Each structure stands twice: as structure tokens, then as C-alpha cells.
């Protein structure tokens, strides 16, 4: 085995090891992961909030047994493959082994460790963006049209993974038009590659049409509830912090793309970054939407620094460059990952607050980071629902109806009784089994709306009780209430169908 490939293999192993050890056993899966796992049980060409690719991975996880190990394996795998693609990109840019090691360290010890903790479309998104950039480099170097078709395939799967990749195209098009590479638009194969992309995404487009384009509704809700709290200055600050150990490499990459002669034909990459970030700022996007941009710029910067420090006394800067990502990662290790207990974080908030990690989507600071709070209290909720469900199941079919997708997904994942909880929230509205006739109801209510549940729902049943709540004070679901209703006096199925119709009509 070549020495360079042995070193790459060690980086891949280190990536997997870090992804598993950076999560304390006290933390469960995160809210969104439960929804994505359940999508693997309901394969379709689209979902209300995401395209279908992640559900295919969820289906594979289900086939492998559905354990936490496999749920965390695939994001780690996508992160490791991102390092591999950057390694190969540096090969294409005629970079040295030093450049490959520097770039790999910058990627390994970065925000990708946090992103690759969670089973969401984001990890695969970064890989696909990086792979698309790599293919673009291959095409610019060779002008072989096969790379246009590979680009069309990767871009198509990128759309099927997360629509966010459209920002990449919108940023690159004007950048190409302003550069000498505008000749690409005269190549008929570019448009055939575009048709190939369209063929790949067509099933999802038809699904969107069939369901009245729920992506539009989702984006509207996102804009009104979450993006409205996005601060553009915080967005820019996050861009620096995401790859803090490799920030100097990224800056070197920008410089090289503008002034380093061997990169002249790739200059549009710089302007592509400017246009894409500009779009994200204009639309007040979440800061992590832009993470997929950076791996390729780390590659450009590492190649340039490698050439700059190749000879003479400048070689002394090489070990300094290698040490910087490690040194700058150490403080991040202390607070950027769920490797400390919630109690510790709550009693040591200083650095978490300074880094903005305690700021939730509501724009307010809380005791622990939102992602960490979303990894608490779920198993407790499922155990309490199981206990109540076992009592009610003796007297007929019981429907478990939740206020949000996190509650429904977590109950489905942790339940020992095979409960299939549902919700009017997210995709669960399309997964309700109304062929069964329900006699009982377990209602899971958010803390803020649970106060009048017995008075509102109780009259429709022979009996109703408050059956418990989530007691973990660090859980985002703290106070979430469980209500148990037995012996329906009405047709629950018809009532549920009426609610579904109302939700659909609202959109």
C-alpha cells in the first residue's frame, strides 16, 4: 500500500473513532433523527420536509437492525468519504502529501464532527457538494464530457437528498458566466446532463405536484418560525468558527484562487463562494446551510500552502500548519460536543454562551444547547407511554397521538410494545392507520398547551386521567404531558380524519 493511502486510511479510522467517542452515553438520539428513522418504514418519493434519499439510508439501517450504532455509522461514513474526496481533489490539483494531511486535519477537527453526529440529510449533503466540486475540477482539467454527466448525476441525487443544493447552482452560474469558463454553456452535453438531472429528480417533482408542493409550505413555515430569528452577523461569525482550525487554509485558498497562477482556470470558484454566501445572507439562511462549501476551498488552500512552504527555510512553517488545527480544536472539544453531562454544561455556561451554543431557534438562551436538549428525555417518555398503553390495550385498540414528530418518532423507536405513535405534525399525518377502530387514546401534549386537555378531550371518553410527564429538566420536552382516555363515546377515526382534512385544507 502506498504511504499516502495508508495515511488516508488512518484518517478514516480516526474519523469513525471520534464520531463515536464524542457522544456521552447520557445522550439519546436527537429529535430529527427519530423522524428520519421512521421515514425508512414509509418509503416514498418525497416527504413534507425533505426529499427521499435519507429515507433510503434509514431503510438500510432498519435492515441492519436499527441500533444506535448503525444510526451513527452512516453520518460518520459520509464524513469520512468527504475527507477521501478532498484527498483526491488535492491529487488532481497536483498537491503534495503535506497538503493532503493538512486538509484532512482541517476537515477531521472541525464542525463536521458535530454535523456527522446526527442522522440527518446534512452529512450526505456536504459529501455531495464536495463531490460535485471535485467533478467540476476534473471537467475543467480534462474537458471530458463524461464529467458533465457525472456532475448531473451527483447534482440530481443532491436535490433528492436536500433542496439546499440549489443555492450552489445559483452561485456557480453567475461565477462561471463572469469567467473564462463561460464556454461551458456552449457545450451541448451540459444541457443533456441537465436533462439527466431532471430525469433523476422527476419522481420527486411528481410527488411534490401530487401533494400540492409541500416544500413551499415547509419553507414558508421555516421562514416564519425559525429563519426570522437568524442574525446575519451571527451567520458570518459561524462561518469562521465552523473550520476554525483550518480558517487560515481557507483564506489561503481564496487568495490562491485570485492570484496563484496555476489556479487561474479555477478562479470562478472564488466568485462562486461569494455569490452563494450572498444568497444565504439575503435569505437569512441557517449558518450550517453553507458548510458544504468549505471542504473544496480547504483543498485549494492546502495545495497553495504546500507549494509555498516546499523549499528552503519556509519548510519550518509546515509543522506549525499541522499543529494549528489540533491546538485550535482542543477548546472546541471541551464544549462543542455532547461529551459533558447536562448538569456540567448548565453549571459552566460561560464558553457555551460566548460561542452562541445556548441560543435556540426561539432566539433565547437556555441551560444547554438545543441539539443537546433534543437528545434528552425521549426514552423516559416512551417508557411512560408503554406503561399506560399496556393498561389500555386490554380494552381495545389504542391510538397514541402526539403534538410533534419528535415525540411520535421517539415513542416508536424506544417502545417495547411496538407502538406506532402518530401526529398531525410532519409526515406522520400521512402515516395514520385509520383502518383500525380505536377505543382508547393516549394524548401526548406539549407543556405549553397541556393545561386544558382533560376538560377538552375528557367528555368524549368514559374516563380520562393525567398519566405522567417528562421529568428530565434538561430535555427540550421537559413537562410534556401524557393523558390517557379510555372508552370512546365518539368515532375516534372520523374525528381524526376530520382533523387531517382540516390540516390539509389549511395548507
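Things to note:
- Residue count for the range 45-70, restricted to those that are buried (at least 16 other Cβ atoms within 10 Å of the Cβ) and either at pLDDT below 95 or assigned to a loop (DSSP other than H, G, I, E, B) (or both): 8.
- Every test in (1) in the same structural domain as residue 117 (by TED's automatic domain parsing); (2) touching a helix residue (DSSP H, G or I) at 6+ places or on another chain (Cβ under 7 Å); (3) free of Cβ contacts under 8 Å to residues at least 24 places away in the same chain is passed by residue 358 save one, and that test is (1).
- Criterion violated by residue 312 - all others in (1) touching a residue at least 12 places away in the same chain (Cβ under 8 Å); (2) at positive phi satisfied: (1)
- Residue 417 falls short of the stated requirement of being more than 29 Å from the chain's Cα centre (by Cα), crowded, with 23+ Cβ neighbours inside 10 Å and outside any helix (DSSP H, G or I).
- Residue list for the range 483-504, restricted to those being surrounded by 14 or more Cβ atoms within 10 Å (Cβ to Cβ) and within 14 Å of residue 398 (Cα to Cα): 483, 484, 485, 486, 487, 488, 492, 493, 496
- Residue selected from the range 314-367 under the condition within 16 Å of residue 23 (Cβ to Cβ) and not in a loop (DSSP other than H, G, I, E, B), by the criterion farthest from the chain's Cα centre (by Cα): 344
Condition check ((1) over 21 Å from residue 28 (Cα atoms); (2) free of Cβ contacts under 8 Å to residues at least 60 places away in the same chain) across all residues:
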| position | (1), (2) |
| --- | --- |
| 422 | no, yes |
| 462 | yes, yes |
| 470 | no, no |
| 482 | no, no |
| 490 | yes, yes |
| 497 | yes, no |
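- Selected residue [farther than 28 Å from residue 48 by Cβ, at pLDDT 95 or above and in a helix (DSSP H, G or I)] from 407, 383: 383
The values are calculated or read from the model by the stated rules, or taken from the named source; none is laboratory data. Treat the numbers as computed from the prediction; the structure is a model and nothing was measured. Note that each Cβ is placed from the backbone with ideal geometry, even for glycine, and that neighbours are counted across all protein chains shown.
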